[in-house]
1. Mind grabbing the accessible area of residue 82 for me, 1.4 Å probe, Å², rounded to tens?
2. Gain in length, residue 71 to residue 83, computed as 0.36 nm per residue apart minus the alpha-carbon separation, to one decimal in nm?
3. Leaving ligands, DNA and RNA out of it, work out the accessible area of residue 41 with a 1.4 Å probe and give it in Å² to the nearest 10.
4. Compute the FRET efficiency between residue 40 and residue 60 as 1/(1 + (r/R0)^6), taking r as their Cβ-Cβ distance and R0 = 30 Å, and round to the nearest 0.05.
5. Using only the heavy atoms of the protein chains and a 1.4 Å probe, how would 32, 48 rank by accessible area, largest first?
Amino acid sequence: MTTQYGNQPTGQQSHGAPKPAATGNVLSIIAMVMGVIAFIFLPIVFGMIGLVLAIIAKTVRHERLAVVALVVSAAGLVGGMVLGAIVAAA
């Protein structure tokens, strides 16, 4: 920042637009928990919730753990359905 009397620095820094707050990995962690729960209990419900949360975390919030959450949720969905089929057939 300069003064009105020339290009003498004023000692103040020019700040641009404020940076958005860090979002963290909240949706990704919730999606992973849903994926683990889906492996044991109601895989269609909890697995789908986990997948939706992981997709939102990836596309909208750009969270770092979103890919891991997608994999865990998908594995919980498929694994839970396979495990349920094995238990139901026994």
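1. We get 80 Å² for residue 82.
2. In short, 2.6 nm is gained.
3. Ignoring ligands and nucleic acids, residue 41 comes out at about 120 Å².
4. 0.60
5. 48, 32
The values are calculated or read from the model by the stated rules, or taken from the named source; none is laboratory data. Model, not experiment: these values are computed from the prediction. With ideal geometry, Cβ positions are generated from the backbone for all residues, glycine too; neighbour counts draw on all protein chains shown. Ligands, DNA and RNA are stripped out before the accessible areas are found, and what is left, the full protein with its side chains, is counted by its heavy atoms. Shrake-Rupley method; radii C 1.70, N 1.55, O 1.52, S 1.80 Å.
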